[in-house]
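See below for the structure under consideration.
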Amino acid sequence: MAGKIDHKRMKNSNKAVILDLIRREGCSSRQEMIGQTSLSAGAVSMLVEELIADGWLVEEKTFPAPRQRTGSGRHRVPIKLNPGSAYIIGCEADSDRVEGILIDITEKKRGWCERLAADVFDAGQVIEHLQSIILCLLDKAPERDRVRGIAVSVPGYVDRDAGVGVQCSRVPGWRDIPVRRILEGRFGLPVEIDNTARMRALAETRYGLGQETRNLMYIHVGPGIGAGMIFGGRLFRGASGSGGEIGHMIISPHGPVCSCGNRGCLQAVASIPAIERKARETLHRDILTRMADLSEGNASSLHFPQIVQAAREGDKVALTLVEEAAVALGLSVTNTVHLLNPEVVVLGGPITLLGSLLLETVRRVVRTHAIWETSFALKIEMSCLEEDIGARGAAALGLETLLHTEFPNGVER
Ligand SMILES: [Zn+2]
């Protein structure tokens, strides 16, 4: 009996090796699989037959250009993932928007749906919109029963194991929300959740600046600040799933009060609301600045995009605000680089609107303060991914989970 179980486990693990290879390459032949894995010709042939019979793989007529193949025969037949074998829904929810993507197993976008808040979504609205978006994406799936899982990026603290959104101060009422139980109960599909920065870090490693590295830190700067950390190719979550709270790194003990109760956290100095608050204060103090024109003198209608515009136009007051946020971010990056020695640090979220205005200062601060041994090879960049990165990251996690469940011991999570 044990022999049978071991044989099945081994077979599944070998199937995972083949699927992983095809996911990386996009397309492969039996011969290439023999050359690129430790599997024998007989094993490859049998495993591929089974994966084709079960609908995961399909044979193609030709290899995609520009890849050239020589020779002919059964071993040269191009094989790829069957796009229709499985679909995954990935969502990202926050106080200002809820959005979702449908991808197929080849990670191609097959549908998109979003809801934008006129002001702020409360917890009930976030859950309501999540459900309507998932319904909308299920309708977009070519075969609804091939949708195999849902993954949701939620704001704030997350208890991933329990599937609960623990707390997020910017979403009114968002406390101990059993996201997984609600969505699994409604849709009958496996649901997993994680936080925004981690899902986005995952998206960077699959589609963005982290494709060539196994050690990346993604820092999300928006309404809050959080980090998603990938070390040795794996997401780091910490003992209780709260690792990456870089927003509460104290960088100025006498600085402004943070939502956590401490003073001078990075988030209280460099998040988008912190920058907006300081900009509005300058208007209240009647300081001469382009930001006053752009908001027509009304401090409460001054928002981040106008601050960015003023800074781009060379307004000194706006540039000083940007410099202060960039220095704070640079110091935090320096601290984390000393601790963790990542290869790439990616800044993402709404802060990327500032582009080089912010990035150059962050780089300069890190260059000035970081110990050479921890930073000589470090790259600090702005995320180049589209706005759908959060939902894409969630969907990528959902897909990894599906493959890990179907083919354990092979595809890394
Ligand atoms: Zn704090």
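Brief remarks on what is shown
- Criterion violated by Ile250 - all others in (1) surrounded by fewer than 22 Cβ atoms within 10 Å (Cβ to Cβ); (2) farther than 24 Å from Asp161 by Cα; (3) more than 10 Å from the ligand (Cβ to nearest atom) satisfied: (3)
- Of everything in the range 270-306 that is in a loop (DSSP other than H, G, I, E, B) and of a type in the set (Gly, Ala, Ser), the residue that is nearest to Gly247 (Cα to Cα) is Ser271.
- Lone unmet requirement of (1) touching a Phe, Trp or Tyr at 6+ places or on another chain (Cβ under 8 Å); (2) free of Cβ contacts under 8 Å to residues at least 24 places away in the same chain for Arg200: (2)
- Criterion: free of Cβ contacts under 8 Å to residues at least 24 places away in the same chain, more than 15 Å from Phe304 (Cα to Cα) and under 23 Å from the mean Cα position of the chain (by Cα) - qualifying residue of Gly233, Gly243: Gly243
- Of the residues examined, Ala311 is not one that is touching a residue at least 12 places away in the same chain (Cβ under 8 Å) and under 15 Å from Pro223 (Cα atoms).
- Near pairs, Cβ below 8 angstrom, 6+ apart or cross-chain, from the range 287-298 (surrounded by fewer than 20 Cβ atoms within 10 Å (Cβ to Cβ)) to any residue that is charged (D, E, K, R): Arg290/Glu313; Arg290/Asp315
- Exclusive hit being closer than 21 Å to Thr401 by Cβ and either modelled with pLDDT under 90 or polar (S, T, N, Q) (or both), set Ser252, Ser240: Ser240
- The listed residue being within 16 Å of the ligand (Cβ to nearest atom), polar (S, T, N, Q), in contact with a Phe, Trp or Tyr (Cβ under 8 Å, 6 or more places away or on another chain) and within 19 Å of Val154 (Cα to Cα), out of Ser242, Ser259, Ser271: Ser242
The values are calculated or read from the model by the stated rules, or taken from the named source; none is laboratory data. It should be emphasised that the depicted structure is a prediction, and the values quoted were computed from it without experimental measurement. Methodologically, a virtual Cβ is constructed for each residue, glycine included, from the backbone with ideal geometry; neighbour enumeration extends over all protein chains shown.
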